[in-house]
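A short write-up of the structure that comes next.
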Amino acid sequence: MKIDWAALGSVFGVSLVVTVALVALFTLGINGLSRQERAAAEGRSAALAVTGAYACFAACAAAVAYGIYLIMA
Amino acid sequence: MESFSLILAIVVVTALAFDFTNGFHDTANAMATTISTGALKPKVAVAMSAVLNLVGAFLSVEVANTISKGLVDEAGIRPEVIFAALVGAILWNLLTWLVGLPSSSSHALMGGLIGATVASAGFGAVHGDVLVTKVLIPAIAAPLVAGVAAMFATRLTYRLGRDADGKASAKGYRAGQIASAGLVSLAHGTNDAQKTMGIITLALVAGGTLAPDSDPPMWVILSAGIAIALGTYLGGWRIIRTMGKGLTDLRPQQGFAAQTSAATVILASSHLGFSLSTTHSVSGAVMGAGLGRKGGVVRWSTATRMFVAWGLTLPAAALVAAVAEWVCGFGDWGTALVAVFLVASSAAIWKISRREVVDHTNVNDHDVSGEEPSGVVTQAIAAVTPPPAGTVGEEATAGTAGEELAAAIPAPAPTDPASPPARTTV
């Protein structure tokens, strides 16, 4: 009986890293947007926060696109 | 389609019925978290999942082409064997749906194939080591991998996002959940609709209608995709309730972390060649997300029932399939008897499910303190145990179930406008 520990290990590692990284990115994006929301309420602008937020969301969208590519491959 | 024998037609219809049960059984995997956190309205969620399942079915035929390879010797496969396997898998899917427990449809199908093969060709035809590496290890690994990832992701999103609040945050988590749930739906359509395509193709090859090594014909792809999408749209509300509300109480952040973890695990595992069950991954992710929030709890009694169901999936489906194959062995009337038994017990299970209807209107009403869930489960198990475990007196069981069917027909439950998740599926 041959259990493919290497494959299982890499599934574990990749899943952990990718999930945590994606969720972190997305949360940072949400942080940026909610900072902008507060800034707008106080009449300030938060251009940097918004740019950062959209950069984060773009990275997440790229990950989703890669996921769809994997499904089709 | 010229030389289309009756048994082949029965196998195709049964395979599509299995595909249909697969659809409503696994809606929860994609949509339980979005429904329970309120990111999508229940009906919208299942509609979206159904469409993505259908789309997914057309994306690739890779899985269909490798189905069942390695687990059993294809030489022993006759259409009757596949039919018996499907009977076992369908009944197990319906039974677990009735008690509202998520379990792997793939394991049910594999169990059915193993049981039917053993009954037809003996234990030698099953590769025990493949069983361990393809079924047992993944069943333990999937919830652990997805759970650990979801737990860390939940902790992280709570810590990083502690300053985030207001509309932007709510909207953001909603969008994130929908995106990850969509990805799971798409992956499910590709994987599970293809399993049915693979089964039908295998039957067509075994019956001599298709040349060996052919790709699934277009009508097979189309009908398999439609069957799974219809099943998904009906929604396995009982299982959605267990997964979304029963295991733990999910907040949007947790739903997002859980669904993202599940999507990642499913894609990573199928891409890196260590296939993990979608159901196991999602259940594990939901529990991990439950543990990741401060003050979050996992209801271990529900989880334990679910684990028991996972453990039973393969042997139970195998047992039913083996009995079905044995009865089929008596000739055409045996096959007919099994078909009648399948229809009758499906109808019986559906009838029992009407005693306590779970649909899109009450899918989120999980009463934590009440004894309602265990009461229903015990009652349901008590009520349905005899038919599937009917090793003795198959004919007698089929007879009683048939009477129940006759009783069930004049009462099509006109009181409920929502479509019943499990109509007589054949």
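May I ask you to list the residues in the stretch B:209-231 that are within 11 Å of residue B:197 (Cβ to Cβ) and either buried (at least 19 other Cβ atoms within 10 Å of the Cβ) or under 19 Å from the mean Cα position of the chain (by Cα) (or both)? So that I can check it myself, show each step before the final result.
Residues of the stretch B:209-231 within 11 Å of residue B:197 (Cβ to Cβ): B:215-225, B:227-228.
Selection gives B:216, B:220, B:221, B:223, B:224, B:225, B:227, B:228.
Residues of the stretch A:8-64 that are assigned to a loop (DSSP other than H, G, I, E, B) and either within 8 Å of chain B (Cβ to nearest Cβ) or not small (Gly, Ala, Ser) (or both): A:42, A:44.
Give the residues of the stretch B:151-170 that are within 7 Å of another protein chain (Cβ to nearest Cβ) and closer than 13 Å to residue A:37 by Cβ, sorted by residue number.
From the stretch B:151-170, those within 7 Å of another protein chain (Cβ to nearest Cβ) are B:152-153, B:156-157, B:160-161, B:163-169; that's our starting set.
Listed by number, the residues that qualify are B:163, B:164, B:165, B:166, B:167, B:168, B:169.
What pairs come out if I take residues in the stretch B:119-145 that are within 8 Å of another protein chain (Cβ to nearest Cβ) and charged (D, E, K, R) and pair them with residues that are outside any helix (DSSP H, G or I) and loosely packed, with under 15 Cβ neighbours inside 10 Å whose C-beta lies under 7 Å away, six or more apart or interchain? Filtered contacts from the stretch B:119-145: B:129/A:1. Regarding the stretch A:51-60, can at least one residue be identified that is crowded, with 16+ Cβ neighbours inside 10 Å and modelled with pLDDT under 85? Looking for residues that are crowded, with 16+ Cβ neighbours inside 10 Å and modelled with pLDDT under 85, one finds none in the stretch A:51-60, hence no. Within the stretch B:268-295, being assigned to a helix (DSSP H, G or I), within 20 Å of the chain's Cα centre (by Cα) and surrounded by 24 or more Cβ atoms within 10 Å (Cβ to Cβ) holds for B:269, B:278, B:279, B:280, B:281, B:282, B:283, B:284, B:285, B:286, B:287. Counting only residues that are assigned to a loop (DSSP other than H, G, I, E, B) and surrounded by 18 or more Cβ atoms within 10 Å (Cβ to Cβ), which one in the stretch B:296-308 is farthest from the other protein chains (Cβ to nearest Cβ)? Among those residues, the one meeting the criterion is B:299. What number of residues within the stretch B:343-381 satisfy the criterion of being modelled with pLDDT of 50 or more and either of a type in the set (Lys, Arg) or assigned to a helix (DSSP H, G or I) (or both)? Adding up the residues that qualify gives 13. Listed here are the helices (runs of 4 or more DSSP H) enclosed by the stretch B:174-250 that have at least 2 residues being in contact with an Asp or Glu (Cβ under 7 Å, 6 or more places away or on another chain) and touching a residue at least 60 places away in the same chain (Cβ under 8 Å): B:218-234. Condition first: over 30 Å from residue A:59 (Cα atoms), more than 9 Å from chain A (Cβ to nearest Cβ), β-branched (Val, Ile, Thr) and surrounded by 24 or more Cβ atoms within 10 Å (Cβ to Cβ). Can you find one or more residues in the stretch B:172-194 that meet it? The answer is no, given that none of the residues of the stretch B:172-194 is over 30 Å from residue A:59 (Cα atoms), more than 9 Å from chain A (Cβ to nearest Cβ), β-branched (Val, Ile, Thr) and surrounded by 24 or more Cβ atoms within 10 Å (Cβ to Cβ).
The values are calculated or read from the model by the stated rules, or taken from the named source; none is laboratory data. Every value quoted in this text rests on a predicted model; they were computed, and no experiment measured them. FYI the Cβ positions are ideal-geometry reconstructions off the backbone, even for glycines, and counts take in every protein chain you see.
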